[in-house]
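Since the structure comes first, as structure tokens, the remarks are kept for the end.
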Amino acid sequence: MQAIQVTTEKSGDSRIVRIPEEYFREMEIPEDDSVHISFTNQSVVISKDKILTLKERLIEFYGEGYEEKCRKDCEEFYRELKEIEWGPPVGNEIW
């Protein structure tokens, strides 16, 4: 992809930069899809939002070594989980 020069436009309290459709097609970004925008060293970088795998989401939430933390959390949950006695049936419940 080659670099292009575009002009910014005012829209309310925002600015708009129009990017030709061909660039989005080449990057396989469909209309109404979310993108990631970062600002570094006088540059604006637009990239596809990455869909994280479950493992990546767990690492993001718990940090590295999540397997051990997750196992401990599950063990604690099941230790606290007990069958609840609701008493005898009342009314016309069907079991």
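No value in this document is a laboratory result; all are computed from the given coordinates. Because the structure is a prediction, the values reported are computed rather than measured. Every residue, glycine among them, receives a Cβ derived from its backbone with ideal geometry; neighbour counts consider all protein chains shown.
Observations, loosely collected:
- Mean separation of Cα contacts under 8 Å, 6 or more apart, over the residue count of segment 8-48: relative contact order %: 24
- Angle between the chain longest axis and helix 66-80 axis [Cα atoms, degrees, rounded to 10]: 30
- Sum of -39500 (n - 2.57) over DSSP H runs of 4+, divided by residues of the chain (222 nm, nearest 500): -9500 deg cm²/dmol
- Qualifying trypsin sites (Lys or Arg not before Pro) for segment 5-95 [loop in DSSP, other Cβ within 10 Å: at most 14]: 18, 50, 82
- In segment 1-58, GluC sites (Glu not before Pro) in a DSSP loop with at most 10 other beta-carbon atoms within 10 Å: 28, 31
- Shape box of the chain [Cα atoms, principal axes, largest first, Å]: 74, 41, 29
- Label-to-label distance for residue 10 and residue 92 is 7.1 nm, based on points extended 7 Å past Cα in the beta-carbon direction.
- Proximal aspartates and glutamates relative to residue 55, as straight alpha-carbon distance under 14 Å, when same-chain residues fewer than 8 apart are discounted: 64, 67, 68
- Under 13 Å of direct C-alpha separation, and excluding same-chain neighbours fewer than eight residues apart, residue 48 reaches these aspartates and glutamates: 26, 28, 31, 32, 33.
- Rel. contact order, % - alpha carbon contacts under 8 angstrom, at least six apart, the chain: 11
- With both labels modelled 7 Å from their Cα along Cα-to-Cβ, the residue 73 to residue 48 distance reads 2.9 nm.
- Assuming charge only on the beta carbon of Lys and Arg (+1) and of Asp and Glu (-1), the dipole of segment 8-48 about its Cα centre is about 260 debye to the nearest 20.
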